[in-house]
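The structure appears right after this line, and notes come after that.
The values are calculated or read from the model by the stated rules, or taken from the named source; none is laboratory data. Please read these numbers as outputs of a predicted model, since none were measured by experiment. Glycine also receives a Cβ, built like all others from the backbone with ideal geometry; neighbour counts cover every protein chain displayed.
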Amino acid sequence: MNQPQSLSSEKKIILPKPDTYFYRLMHHKGKELPRSYKWFKRLNRIVVPLYRLRILPFFGIGWIILMITTIGRRTGKTYRTPVEFHRINEVIHITAGRGEKTDWVRNIRANPENLRVQVGFGSFQPRVEIVENILEKEKFIEWMIKNIPREAEMSFGWNRKKDDLKYTDLTPLANFLTIIRLHKPS
């Protein structure tokens, strides 16, 4: 008797595709990170002070970038990091491209009660929810593909004209990504 194949074994497209930002992050060896990652790190040195001075929020950057303030898990120092975010049903979602290797993710895990978020001109201390469930992560990736296809194209190689979610395996990307939900206090 033939057993039905699982849905994931039927899928032909695997995200992220080779030669994309996330693929390079997932497959780098040692300390050899993609050039674009190093460029983002340098850019943060400019973005952080401009955001703190409320210059970037004044120009509308607060609609796509927020500033997180974490406490170092080993040093106890304060760190500020600009992070792209997406708001779904009034809940802020942030993702870490380097997954669990990202310092600010490690700091949030170690000190979730010390996280502070600045979105535009306002700031708050959120309730932190780290998404562990793979199916929930895949739903978020699907949401990105459907709602922000250009970003999905640039980040993990989604081709909105050729690719079909029905035949796409999101599991490798979902396993790698760290997704954090930030809930505003009531």
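Tell me, please, whether a residue that is assigned to a strand (DSSP E or B), surrounded by 17 or more Cβ atoms within 10 Å (Cβ to Cβ) and not hydroxyl-bearing (Ser, Thr, Tyr) can be found in segment 98-113. No, the conditions are met nowhere in segment 98-113.
Among the residues of segment 171-182, is there at least one that is more than 18 Å from Leu25 (Cβ to Cβ) and within 14 Å of the chain's Cα centre (by Cα)? Yes.
A count restricted to segment 114-172 and to residues that are within 26 Å of Met67 (Cβ to Cβ) and of a type in the set (S, T, N, Q) stands at 6.
Only one entry in Glu10, Glu32 is modelled with pLDDT under 75, within 25 Å of Lys166 (Cβ to Cβ) and over 19 Å from the mean Cα position of the chain (by Cα), namely Glu10. In segment 13-27, the residues that are closer than 14 Å to Ala174 by Cα form Cβ pairs under 6 Å with partners that are small (Gly, Ala, Ser) and assigned to a loop (DSSP other than H, G, I, E, B), at six or more places apart or across chains, as follows: Pro16/Gly157; Lys17/Gly157; Leu25/Gly97.
Determine whether Ser186 is in a loop (DSSP other than H, G, I, E, B) and either without any contact (Cβ under 8 Å) to a residue 60 or more places away in the chain or of a type outside the set (A, V, I, L, M, F, W, C) (or both). Here the answer is yes, as Ser186 does meet what is asked.
For Phe40, are the conditions met, namely being at pLDDT below 85, in contact with a Phe, Trp or Tyr (Cβ under 6 Å, 6 or more places away or on another chain) and within 27 Å of Thr168 (Cβ to Cβ)?
Spelling it out, it is not the case that Phe40 is at pLDDT below 85, in contact with a Phe, Trp or Tyr (Cβ under 6 Å, 6 or more places away or on another chain) and within 27 Å of Thr168 (Cβ to Cβ).
For segment 48-81, the set of residues classified as of a type in the set (D, E, K, R) and surrounded by 12 or more Cβ atoms within 10 Å (Cβ to Cβ) consists of Arg52, Arg54, Arg73, Arg80, listed by residue number. Annotation: of all residues in segment 114-124 being out of contact with any Leu (no Cβ under 7 Å at 6 or more places or on another chain) and either hydrophobic (A, V, I, L, M, F, W, C) or not in a strand (DSSP E or B) (or both), the one that is surrounded by the most Cβ atoms within 10 Å (Cβ to Cβ) is Leu115.
Could you tell me which residue of segment 125-170 is modelled with the lowest pLDDT, considering only residues that are among the aromatic types (Phe, Trp, Tyr) and closer than 24 Å to Ile108 by Cβ?
Kept after step one, since they are among the aromatic types (Phe, Trp, Tyr), are these residues of segment 125-170: 140, 143, 156, 158, 167.
Then drop every residue that is not closer than 24 Å to Ile108 by Cβ, which leaves 140, 143, 156.
Values: Phe140: 97, Trp143: 97, Phe156: 90.
Checked segment 125-170; the qualifying residue modelled with the lowest pLDDT is Phe156.
Here's a check for you: in segment 135-169, which residue that is in contact (Cβ under 8 Å) with a residue 60 or more places away in the chain, over 15 Å from the mean Cα position of the chain (by Cα) and in a loop (DSSP other than H, G, I, E, B) is surrounded by the fewest Cβ atoms within 10 Å (Cβ to Cβ)? Looking at residues that are in contact (Cβ under 8 Å) with a residue 60 or more places away in the chain, over 15 Å from the mean Cα position of the chain (by Cα) and in a loop (DSSP other than H, G, I, E, B), I get Asp164.
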